[in-house]
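See below for the structure under consideration.
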Amino acid sequence: MGLVLTFVVGLFILIGTLIVYKTKDNDRVVNFSISLAFGVIITLIILEIIPELYEIFIRKFNLISVIVLIIASTMIGIGFLKLLDKFVPDHHEHGKTEKKKEENLHHIGIVSSVALSMHNLIEGFALYTAAITDIKMGIMMCIGIGLHNIPMGMIVTSTFVKGNKDKKKIALILLFITLSTFIGGLFSHFLYGYISNDIIGILLGITLGMLLYISIFELLPKIKRTKYKKDTIIGIIVGILVLIISTLF
């Protein structure tokens, strides 16, 4: 049942994809999805990832060591995506041609896909473990994770649709993201009992850094430059509410 839940939660990504395609990926929807994702990511970091990191590390280390571990693993995540920047086209929009703007969106799609896939892998570990411990808790966790996967699917899909016309490539990337939670569940299934909390904590800290990079250096600049200010505010608020509601489960 645990593996089934990890597979189902990935399907929520496709709901976000469907929303983008049904609305023909117009600029307002893209902006709203970016704002929504920004709200979800920031709230996810504050309400879930940081507290979970603290809880994992404080069991074994003192407070100073916990802070050092969180900062170090976070910087690795930020550094990883900064390094990735060197292998993709210049992605800053200001003063660029339409082609450069498309490259910018393609870049955001790449880094979002990497971070989201890694995040989902870790969630797969956690979801599978929760499900085999208490199936009810596993189901509630599946619903909560699924809720914040919808806007994630929207942001990745919308950026790739506008920044890359290769539908096969888009489909393959979305397929991997969709299955990444299930893959994490598979790893947990076969390696359960061998993976220490310290390793999970470090991976989660790296994910924290990657999500911070996306929200601060990728999404925030686009939000600040948009002309749909009202939609942006609503999107951020809805994103925050979606994550808060998901944590209540």
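Bear in mind these aren't lab numbers, they're just calculated from the coordinates by the rules spelled out. Just so we're clear, the structure is a prediction, and the values are computed from it rather than from any experiment. Glycine gets a Cβ as well: all are built from the backbone with ideal geometry, and neighbour counts include every protein chain shown.
Remark: Y194, Y21 ranked as Y194, Y21, counting other beta-carbon atoms within 10 Å and listing the fewest first.
Fully extending the segment from L175 to F190 would add 3.2 nm, taking 0.36 nm per residue of separation and subtracting the current Cα-Cα distance.
The alpha-carbon atoms of segment 1-69, seen along their principal axes, cover 52, 34, 14 angstrom, with the largest extent given first. Taking 0.36 nm per residue of separation and subtracting the Cα-Cα distance, full extension of the segment from I244 to L220 would add 6.6 nm. Expressed as a fraction of 2.2 N^0.38 Å, the value expected for a compact globular protein of N residues, the C-alpha radius of gyration of segment 162-228 is 1.56.
Projecting the alpha carbon convex hull of segment 194-249 along each direction and taking the average yields 5.3 nm².
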